[in-house]
1. Using the count of nearby Cβ atoms within 10 Å as a rough guide to exposure, how do Lys20, Lys29 rank from fewest to most?
2. What lysines does Lys20 reach when the alpha-carbon gap must be under 17 Å and sequence neighbours fewer than 8 apart in one chain are set aside?
3. What's the magnitude of the charge dipole for the stretch 19-84 around its Cα centre, counting Lys and Arg as +1 and Asp and Glu as -1 at the beta-carbon? Answer in Debye, nearest 20.
4. Apply the Karplus curve 6.51 cos²θ - 1.76 cosθ + 1.60, θ = phi - 60°, to the phi angles in the stretch 61-73 and return the couplings in whole Hz, x for Gly and Pro.
Amino acid sequence: MNKSTMFDRLNQELEAFGKKAQAALDEGKLQIELLRLRRRQDNTARDLGFLVYRRERGEEAEPRRVDALMLRLDDLKQELTRLEQQIAEARRQRAPAETAGVATAEPQAGPAEL
């Protein structure tokens with residue numbers, strides 16, 4: 001193997017590694033966004049639960065506020081579903097690339113072949 005082919009092979013491997021690393025970073029960003037949305041959903045559900053509790057105990061709870069929280073929960077549910085689908089798609093796209101990288105790797109010369 002001459003130097004040119006060796007550097008070409010090294011360059012290909014580095015590019016493949018860079019793509020895998022970028023895909024992992026992109027998925028990590030999506031996971032962070034997912035956690036942020038789940039936290040917002042939990043906080044909204046907590047606020048709604050508190051308003052319902054107050055209403056059931058005879059205290060004043062604005063119906064418009066309850067409706068607004070219900071709508072916010074619906075919106076958050078849609079956003080969470082969309083984000084979970086994006087993460088699943090990113091994983092599906094990354095999986096074939098990882099298995100293809102293993103299949104195309106050239107076998108290394110062992111001690112018996114030297």
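1. Exposure proxy ranking, most exposed first: Lys29, Lys20.
2. Lys29
3. Numbers: 16 positive and 14 negative charges, 54 e Å.
About 260 debye.
4. Per residue, the Karplus-derived 3J(HN,Hα) values read 9, 5, x, 5, 5, 4, 4, 4, 5, 5, 5, 5, 4 Hz.
Every number in this text was worked out from the coordinates using simple rules, so none of it is lab data. The model shown is predicted, which means the values in this text are computed figures rather than measured ones. Counting neighbours? That spans all protein chains shown, and the Cβs are built from the backbone with ideal geometry, glycine included.
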